[in-house]
Amino acid sequence: MNAVGVSCRGLVTIYRLEGYEVVALAGVDLDIRAGEAVALLGPSGSGKSTLLSVLAGLLRPSAGRVHVGGVDLAKATEGELARMRAGEVGVCLQNADRGLLPYLTARQNVWFAQRPAVGRDLLPPDDVLALVGLTDRKRVAVEPPKLSPGERQRLAIGVALARRPGLLLVDEPTSQLDADARDEVVDALRSVHDAGTTVVVVTHDPAVGEQMGRTVTIRDGRVGAQGVRGEEFAVVGRDGSIHLPQELLDRMPPGTHLRIVDQPDGSALLVPAPEIEGDDR
């Protein structure tokens, strides 16, 4: 399967919770190139998992445009979304056990996931398991409850890869794992990426994000910052908004007036201005 890219423009997602409308995504602009490895970072409730669910075709965008490969998720039928998930996109949701059948062995779990794609050029189950670091023949011949938490998570990733998708979406793959198991899972994700698959991971763990090629921080339902090779950059939204790093917000809280001062080298300084008459803060 060829690697699959992602494009979001003004993505808005609204859902109802206890009678109220909640804006989970408030205008996300994001491009992920085919073959990239990207970590979505941000606090709980920022919209990371919602974005992953939209990309998986599990949630409909309320507004904006979203393309996964050649599929327009805003216009796609339910059948088209189902075919996308069956072929181009592999999904590994939070809590590995949700995607595993406890009465089948690890090898049989992969084989079962491949059944709807019979006739396609698929890897043998043992090769899929080897890709995520499960090579012990005795371990792959037992049921998931007999595997360690890290092994179960790697198996869940393998099941998501069973049909050779071009895009792998993974939600919190290292939550509740110790450091050693976390590193094993990260190694598995890097192997998948090295094999040519686009990988998008939702995580709270900055250490996991550092192992991906790029980080995207989601704040208040928007892209707040992006990181490349360990350096973080603020992102200017289409409406001109900028999410400042937390250390700057502590000094310049919301509502602060800023003066923009152009510099001779083409850069600009944001200078806190004195209180303006009529300011009711």
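The values are calculated or read from the model by the stated rules, or taken from the named source; none is laboratory data. This is a predicted model, so every value here is computed, not measured. Every residue, glycine as well, gets a Cβ built from its backbone with ideal geometry; the counts of neighbours run over all protein chains shown. SASA here: full protein model, heavy atoms, side chains in, ligands and nucleic acids out. Shrake-Rupley method; radii C 1.70, N 1.55, O 1.52, S 1.80 Å.
Right, Ala34: under 27 Å from Gly221 (Cβ atoms) and modelled with pLDDT of 95 or more or not? Full working, then the answer.
Details: under 27 Å from Gly221 (Cβ atoms): yes; modelled with pLDDT of 95 or more: yes.
Spelling it out, Ala34 is indeed under 27 Å from Gly221 (Cβ atoms) and modelled with pLDDT of 95 or more.
Is there a residue being among the polar types (S, T, N, Q) and part of a helix (DSSP H, G or I) anywhere in the range 201-210? Outline the logic, then answer.
Residues of the range 201-210 among the polar types (S, T, N, Q): 203.
Applying the additional criterion that residues be part of a helix (DSSP H, G or I) yields none.
Taking every residue of the range 201-210 in turn, none turns out to be among the polar types (S, T, N, Q) and part of a helix (DSSP H, G or I).
Kindly indicate whether any position in the range 235-257 is under 19 Å from Arg33 (Cβ atoms) and in a loop (DSSP other than H, G, I, E, B). Checking the range 235-257: at least one residue is under 19 Å from Arg33 (Cβ atoms) and in a loop (DSSP other than H, G, I, E, B).
Residue count for the range 21-58 under the criterion of being out of contact with any helix residue (DSSP H, G or I) (no Cβ under 6 Å at 6 or more places or on another chain), outside any strand (DSSP E or B) and either in contact (Cβ under 8 Å) with a residue 24 or more places away in the chain or under 25 Å from Thr77 (Cβ atoms) (or both): the result is 18.
If you scan the range 162-171, which residues turn out to be open to solvent by 10 Å² or more (accessible area, probe 1.4 Å) and either under 16 Å from the mean Cα position of the chain (by Cα) or among the hydrophobic types (A, V, I, L, M, F, W, C) (or both)?
Taking the range 162-171 and keeping what is open to solvent by 10 Å² or more (accessible area, probe 1.4 Å), we get 163-164, 171.
The answer is Asp171, and nothing else.
Scanning the range 249-266 for residues that are surrounded by fewer than 10 Cβ atoms within 10 Å (Cβ to Cβ) and within 32 Å of the chain's Cα centre (by Cα), we see that the one that is nearest to Arg219 (Cα to Cα) is Pro254.
Residues in the range 1-40 that are open to solvent by 20 Å² or more (accessible area, probe 1.4 Å) and closer than 11 Å to Ala63 by Cβ: Arg9, Val12, Ile14, Val23, Ala26, Gly27. Of all residues in the range 237-248, those satisfying the criterion of being more than 17 Å from Gly42 (Cα to Cα) and open to solvent by 60 Å² or more (accessible area, probe 1.4 Å) are Arg238, Asp239.
Restricting attention to the range 62-114 and to residues that are assigned to a helix (DSSP H, G or I) and within 16 Å of the chain's Cα centre (by Cα), the residue that is surrounded by the fewest Cβ atoms within 10 Å (Cβ to Cβ) turns out to be Arg85. Among the residues of the range 145-170, count how many are among the small types (Gly, Ala, Ser) and part of a strand (DSSP E or B). Residues in the range 145-170 being among the small types (Gly, Ala, Ser) and part of a strand (DSSP E or B): 0 in total.
Within the range 126-139, does at least one residue satisfy the condition of being open to solvent by less than 10 Å² (accessible area, probe 1.4 Å), assigned to a helix (DSSP H, G or I), in contact with a Pro (Cβ under 9 Å, 6 or more places away or on another chain) and under 23 Å from Thr105 (Cα atoms)? Give the derivation first.
First, pick out the residues of the range 126-139 that are open to solvent by less than 10 Å² (accessible area, probe 1.4 Å): 128-129, 132.
Subset that is assigned to a helix (DSSP H, G or I): 128-129.
Now narrow it down to the ones that are in contact with a Pro (Cβ under 9 Å, 6 or more places away or on another chain): none.
No, the range 126-139 contains no residue that is open to solvent by less than 10 Å² (accessible area, probe 1.4 Å), assigned to a helix (DSSP H, G or I), in contact with a Pro (Cβ under 9 Å, 6 or more places away or on another chain) and under 23 Å from Thr105 (Cα atoms).
Scanning the range 172-186 for residues that are under 16 Å from the mean Cα position of the chain (by Cα) and polar (S, T, N, Q), we see that the one that is modelled with the highest pLDDT is Thr174.
Here are some residues: Val228, Val223. Which one is open to solvent by 30 Å² or more (accessible area, probe 1.4 Å) and among the hydrophobic types (A, V, I, L, M, F, W, C)? Let's see the steps before the verdict.
Working: Val223 fails: open to solvent by 30 Å² or more (accessible area, probe 1.4 Å).
None of the other options fit; the residue is Val228.
Scanning the range 216-265 for residues that are out of contact with any Gly (no Cβ under 7 Å at 6 or more places or on another chain) and at positive phi returns Asp220, Arg229, Gly230, Gly240, Gly255. Being outside any loop (DSSP other than H, G, I, E, B) and modelled with pLDDT of 90 or more is a condition met by no residue of the range 115-124.
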